[in-house]
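Written out below as structure tokens is the structure these notes cover.
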Amino acid sequence: MAVLPILHYPDPRLHKVASPVQTVDDSIRRLIDDMAETMYQAPGIGLAATQVDVHRRVIVVDVSEHGTALQAFVNPVILTRDGEAEREEGCLSVPGIYDKVTRAERITVQALDRHGESFTLEAEGLLATCIQHEMDHLLGKVFVEYLSQLKQTRIKSKLRKRARSTL
């Protein structure tokens, strides 16, 4: 397994739409393992392949307290959305920035697991938010794009300034 470099907003590669996975093979399982290691090391609770510059429809999520409940979703599709909840979100691609985003409180998602087997999962609360957040990445959308134009401009400026100061 390897820790992969995470793209940082406003990198244009974060806006690429991910392609469906045709076959869940060893390369996809290796990607899932590398993404999991990257997510845990960051540390985070979710990561989309887009964030590591692999534009395939793969996400990993672990909202457990001790990082012991990894879930991988290949070609995830939300079948149902119910309710509405506002939660503070952060993102490994937008380090140090947190803001409230409104999403569905409950979802039903269908995907393939790391073995290519189809499954359906009903999720609510933090898990539902995390899945929706990561699936947005697969569509080329970053959570800050739910915020006002003024907030987005301030965030871009702050992150660009931070990047220049670390060079």
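The values are calculated or read from the model by the stated rules, or taken from the named source; none is laboratory data. Note that the coordinates shown come from a computational prediction; the quantities given were computed from them, not determined experimentally. Every residue, glycine as well, gets a Cβ built from its backbone with ideal geometry; the counts of neighbours run over all protein chains shown.
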(request) Only one of these is under 13 Å from the mean Cα position of the chain (by Cα), aliphatic (A, V, I, L, M) and under 17 Å from residue 121 (Cβ atoms): 94, 109, 77, 61. Name it. (result) 61
(message) Taking the condition of being within 12 Å of the chain's Cα centre (by Cα) and among the charged types (D, E, K, R), how many residues in the stretch 80-91 meet it?
(response) 1
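Can we say residue 79 is modelled with pLDDT of 95 or more, among the aliphatic types (A, V, I, L, M), exposed (fewer than 15 other Cβ atoms within 10 Å of the Cβ) and assigned to a strand (DSSP E or B)?
Details: modelled with pLDDT of 95 or more: yes; among the aliphatic types (A, V, I, L, M): yes; exposed (fewer than 15 other Cβ atoms within 10 Å of the Cβ): yes; assigned to a strand (DSSP E or B): yes.
When the stated conditions are applied, residue 79 passes them.
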(message) Just checking, does the stretch 86-101 include any residue being without any contact (Cβ under 8 Å) to a residue 60 or more places away in the chain, over 14 Å from residue 139 (Cβ atoms), of a type outside the set (Ser, Thr, Tyr) and not in a strand (DSSP E or B)?
(response) no
(request) State whether one or more residues within the stretch 29-37 are under 15 Å from the mean Cα position of the chain (by Cα), part of a loop (DSSP other than H, G, I, E, B) and under 17 Å from residue 133 (Cα atoms). (result) no
(request) Looking at (1) touching a Gly at 6+ places or on another chain (Cβ under 9 Å); (2) surrounded by fewer than 16 Cβ atoms within 10 Å (Cβ to Cβ); (3) not basic (Lys, Arg), find the lone condition where residue 105 falls short. (result) (2)
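Could you tell me whether residue 77 is touching a Phe, Trp or Tyr at 6+ places or on another chain (Cβ under 8 Å) and either within 17 Å of residue 133 (Cβ to Cβ) or of a type in the set (S, T, N, Q) (or both)? Steps first, answer last, please.
Details: touching a Phe, Trp or Tyr at 6+ places or on another chain (Cβ under 8 Å): no; either within 17 Å of residue 133 (Cβ to Cβ) or of a type in the set (S, T, N, Q) (or both): yes.
No, not satisfied.
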(message) Can you find, within the stretch 12-54, the residue that is surrounded by the most Cβ atoms within 10 Å (Cβ to Cβ) among those that are of a type in the set (S, T, N, Q) and without any contact (Cβ under 8 Å) to a residue 40 or more places away in the chain?
(response) 38
